[in-house]
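The values are calculated or read from the model by the stated rules, or taken from the named source; none is laboratory data. Keep in mind it's a predicted model, so treat the numbers as computed, not measured. Positions of Cβ are generated from backbone atoms using ideal geometry, with glycine treated the same way; all protein chains shown enter the neighbour counts. When the accessible area is computed, the model is the full protein with side chains, heavy atoms only, and any ligands, DNA or RNA have been set aside. Shrake-Rupley method; radii C 1.70, N 1.55, O 1.52, S 1.80 Å.
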Amino acid sequence: MTHRPIPRVSSRKQPQQARSTELVAAILEAAVRVLAKEGATRFTTARVAETAGVSIGSLYQYFPNKSAILFRLQSDEWRQTTEMLCHILQNHAKTPTERLRKLVHVFIRSECEEAEIRAALSDTAPLYRDAPEAREAKATGERIFNEFMQEALPTVPAESRQRVSDLIATTLSRVGKSFSSTPRSDNEIELYAEAMADMFCAYLKHAQHR
C-alpha cells in the first residue's frame, strides 16, 4: 500500500524582528481576505502575496506552500479556541453549569461571526488534517473539556462521563456549524444559544443524579 506524503504545514521560520513580524501579519491578513473572497479552491500563494503587497519570495521565507498558510490560520483559530476554553472552563469562581452556559453562548456567537472563514478552512482540512501538529492541537482542546467534565461529574463512572463529554462537544460543534451556515441576527444567536445551554445544563444535571 502506498502512503501519500503528508505536506509540510509548519512555517519555515519564526519572525524575530518587528519588521518580520509585521510582514507575517500582513501575509496572514491577506490570506484571510483571499480565502473569504476566492474560497479554498482558488486560494494560492501568488494571490496572497499580491494581496499583501509582498514578493512571492518574501512569502516563501516564512511559508513553504499554501498548506502552511492555511494551517497557520487554522492553528491560530485553534489557539484562540483553546484560550477561550481555558478562560471559561477553568474559572472556578463559577459553577460548572454556569461555565457550560457561558461556553455555549461564546461558542455559538463566535461560530456565527467567523462562519465564512471557518467554512473555507473546513474545505481545506484535507491538506493538513493528518499532520502531527493538527492532532496535537485538537487533543489539547479535548483534554481541557474532559478535565472540566471530570470536575462537573466527579461521581459519575469514567465511561459514562466520557460519553456525556463526547455528546456535548460533538453536538455543540456540529449544531454550531449548521446554525452559523445562515446569517443570523443578534437576537437569533442569543435565543438559540440560550436554548442549547438549557438543554446541555439539563443533561448535565440528569447525568449527575442518574
**Request:** Check 135, 118, 72 and return the single one that is under 23 Å from residue 162 (Cβ atoms) and among the basic types (Lys, Arg).
**Result:** 135
**Complete:** The number of residues in the range 166-210 that are among the basic types (Lys, Arg), under 16 Å from the mean Cα position of the chain (by Cα) and loosely packed, with under 14 Cβ neighbours inside 10 Å is 1
**Request:** Please give the helices (runs of 4 or more DSSP H) falling wholly within the range 8-70 in which 2 or more residues are at pLDDT 95 or above, open to solvent by 50 Å² or more (accessible area, probe 1.4 Å) and closer than 17 Å to residue 118 by Cβ.
**Result:** none
**Request:** Would you mind telling me which numbered condition in (1) in contact with a Pro (Cβ under 7 Å, 6 or more places away or on another chain); (2) open to solvent by 50 Å² or more (accessible area, probe 1.4 Å) residue 155 fails?
**Result:** (1)
**Request:** Go through the range 90-102 and count every residue that is within 21 Å of residue 189 (Cβ to Cβ) and touching a residue at least 24 places away in the same chain (Cβ under 8 Å).
**Result:** 4
**Asked** Here is a list of conditions, (1) at pLDDT 85 or above; (2) under 22 Å from residue 196 (Cβ atoms); (3) out of contact with any helix residue (DSSP H, G or I) (no Cβ under 8 Å at 6 or more places or on another chain), and residue 101 meets all of them except one; can you say which number that is?
**Response** (3)
**Test for residue 118: is it touching a residue at least 12 places away in the same chain (Cβ under 8 Å), under 30 Å from residue 172 (Cα atoms) and assigned by the TED database to the domain that holds residue 183** = yes
